[in-house]
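The values are calculated or read from the model by the stated rules, or taken from the named source; none is laboratory data. Predicted, not measured: the structure shown is a model, and the values here were computed from it. Note that each Cβ is placed from the backbone with ideal geometry, even for glycine, and that neighbours are counted across all protein chains shown. All accessible areas refer to the heavy atoms of the entire protein, side chains included, with ligands and DNA or RNA removed. Shrake-Rupley method; radii C 1.70, N 1.55, O 1.52, S 1.80 Å.
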Amino acid sequence: MMKAILIAAATILQAYLLGSVDTGILVSKFVYHDDVRNHGSGAAGMTNMLRTFGKKAAAMTATGDVLKGVLAVCIGRWLFHMLPADAGVSPYLGVYLAAIFAVLGFGFKGGKGVLVAAGAILAIQPVLLPFLAIIFLVCLIPTGMVSLGSVAMAALYPVLTIIYGSLQGYAAGDMLVCAIGSGFMSGMVIYMHRANIQRIREGKEYRFGKHNKK
């Protein structure tokens with residue numbers, strides 16, 4: 001029991017610390033010798049990096065954020081594999097603990113956590129990413145709103161997780177962990193977009209390639 005608690009604590013800690021590394025700030029300072037937080041929306045995410053420094057900066061930021069999610073989940077999986085087979089702990093507990101706290105770490109720095117979550121999903125269930133990408137594009141292309149696509153992806157992620165788990169014949173315990181874990185991830189990302197959701201309602205959200213209403 002104590003070993004399981006220590007492994008869970010180590011998983012949470014490493015994921016939170018990885019999530020707290022701000023890729024956008026590192027790229028803007030060490031590559032562009034500036035601070036992206038002094039420009040645009042004041043955020044250090046991919047969208048503001050794109051508007052401020054261009055596509056290369058956005059790509060580097062996105063790659064770093066995705067890799068944080070991948071690494072956190074891989075470390076969490078490795079740590080939980082140290083538990084004995086008869087411990088009665090779902091193998092998905094480690095990966096979802098890592099995913100949730102990596103997103104929380106990013107959110108604590110003021111980010112939205114979408115790319116970190118995408119990296120985590122890539123490491124947990126890569127088969128879901130193409131479907132989530134389609135959902136994102138269906139929302140983004142007609143509206144130009146990245147935030148709308150992000151919220152839609154987050155909202156539908158638990159649904160896709162449950163469908164996939166059912167098709168794969170997950171055990172009841174694993175299914176429960178996946179449903180709760182994906183639900184937490186979804187809720188966190190949507191909560192971090194609460195200001196964007198309000199601007200969407202007011203017709204004031206930023207739209208790529210379109211003129212915003214004054």
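So the values come out like this:
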{"item": "Complete set of residues in the stretch 14-33 that are touching a residue at least 12 places away in the same chain (Cβ under 8 Å) and over 17 Å from the mean Cα position of the chain (by Cα)", "result": "Ile25, Leu26, Val27, Ser28, Val31, Tyr32"}
{"item": "In the stretch 8-43, residue farthest from His193 (Cα to Cα) [restricted to those that are buried (at least 22 other Cβ atoms within 10 Å of the Cβ) and hydrophobic (A, V, I, L, M, F, W, C)]", "result": "Val27"}
{"item": "Top-ranked residue in the stretch 104-143 [being over 16 Å from Cys178 (Cβ atoms) and among the β-branched types (Val, Ile, Thr); ranked as least open to solvent (accessible area, probe 1.4 Å)]", "result": "Val116"}
{"item": "Residues located in the stretch 85-96, provided they are open to solvent by 20 Å² or more (accessible area, probe 1.4 Å), in a helix (DSSP H, G or I) and not aromatic (Phe, Trp, Tyr)", "result": "Ala85, Asp86, Ala87, Pro91, Leu93"}
{"item": "Flag for Met60 being more than 16 Å from Val189 (Cα to Cα) and of a type outside the set (Asp, Glu)", "result": "yes"}
{"item": "Conditions (1) of a type in the set (Val, Ile, Thr); (2) surrounded by 16 or more Cβ atoms within 10 Å (Cβ to Cβ); (3) in contact (Cβ under 8 Å) with a residue 60 or more places away in the chain; (4) out of contact with any Leu (no Cβ under 7 Å at 6 or more places or on another chain): number failed by Ile162", "result": "(3)"}
{"item": "Single match in Ala58, Ala72, Ala99 (criterion: in contact (Cβ under 8 Å) with a residue 12 or more places away in the chain, in contact with a Leu (Cβ under 6 Å, 6 or more places away or on another chain), buried (at least 19 other Cβ atoms within 10 Å of the Cβ) and under 26 Å from Gly165 (Cβ atoms))", "result": "Ala72"}
